[in-house]
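What follows is one structure encoded as C-alpha cells, with my remarks underneath.
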Amino acid sequence: EYARSESNVEPLPHFPMSLLRTFVEVLVRCPRLSPQLLLERIYPWRLLDALGSTASTMELALRRFLSKSHMGSSEWYRLSSAAKVGHGAAHFFALDADQEEEGLSSVPLSAYAQLAMACGGGPLQLTAPDVAFVALPVHRAHLSNLVVDHAVGVDLCVVGAKGCGKSALVQRFAAMLGYSGFVTMHLFRDMSARDLLQRRSTTLSGDTIWMDTPLTMAAKHGGLVVLDGIDKLAPSILSIL
C-alpha cells in the first residue's frame, strides 16, 4: 500500500506468505542464486499479470529490498553428480553455473551446493539415455531449478505454450530422480474435488466402487504424479491439493 501511495502504481497480486519460507530455504541451499530470478520463479508475477499493470510495482519493490550486488548473481546451478543415500533419498552435488568455465580447481567452496531430497526407486540418470532428447542450456537450467525446488519440498508447476517440450522436460526430471514409473493424470474443466482423489468404477457383478486416482496413490505410497492441464481446474478445486 505504501508503494502505491508514493508512486501511484497498481497494488501487487496476492502474495502467499508461505513463499517467503521457500525463498529463504532455496537461498540457504544455493546462496549464489539471483534473488530476483528466484523471486520470479516462485512468484511468477509476469504470468499472473499478463497486461503488465503491476510491473512498475514489482520493479519498485525489487529496487527497495534487493541490493544491486544481488541483481547479477547466478541464474542456476549445474548438477554435477548424484547418489542415493538411503531408501527413497538422494543427494545431489551442484556447482554454480557461473563458475563452470573457470575449471574445478579454481572454484571456491561457496560455489557448490549439496541438495538432499526424496527420490524414486530407479537409478538416478543425470544424463539423458535417450538420444532423442538433446539437452540445451535452457533445458539444463530448467531441470536444475526443478531439482533445487524439489529439494525444499515444494510442488512444481511447468508453464509453457503447447508443444514447447513440457512433457519431455518432466520425463527427464523423473529420470534424474529415479521415478521410472511416474503417472500422468489428465485433468478436465468440469472435474470435481472428488474426481481428483477417487474415481468411480463398476465390478463384474455390477456394484459401484470407488478407487484411488494416481494422485491419491502417489500420496499414499510415495511417487511422482504429473497433473496435466492443471490450469483447467477452478481455484476451489486446486485448494484441496
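Taken together, the values in this text are just the output of simple stated rules run on the coordinates, not laboratory data. Nothing here was measured: the structure is a model prediction, and the numbers come from that model. Neighbour counts are summed over all protein chains in view; Cβ atoms, including those assigned to glycine, are modelled from backbone coordinates with ideal geometry.
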Next on the checklist: Quick check: net charge around Ile240, other residues with Cβ under 14 Å of its Cβ, Lys/Arg +1 and Asp/Glu -1?
Outcome noted: -1
Checklist entry - Based on the mean of other beta carbon atoms within 10 Å per residue, what is the order of 86-93, 143-150, 17-24, most packed first? => result 143-150, 86-93, 17-24
Checklist entry - By how many nm would the segment from Asp195 to Glu25 grow when fully extended, if each residue of separation counts as 0.36 nm and the alpha-carbon distance is taken off? => result 57.9 nm
Next on the checklist: If packing is taken as the average count of other Cβ atoms within 10 Å, what order do 222-230, 206-214 fall into, highest mean first?
Outcome noted: 222-230, 206-214
Item to check | Estimated FRET transfer efficiency when R0 is 51 angstrom, pair Ser80-Ser205 (beta carbons, to 0.05) | outcome: 0.35
Next on the checklist: For a protection proxy built on the mean count of beta-carbon atoms within 10 angstrom, sort 133-142, 31-40, 178-187 highest first, please.
Outcome noted: 31-40, 178-187, 133-142
Next on the checklist: Around Ser192, under 12 Å between beta carbons, what's the net of Lys plus Arg minus Asp minus Glu among the other residues?
Outcome noted: +2
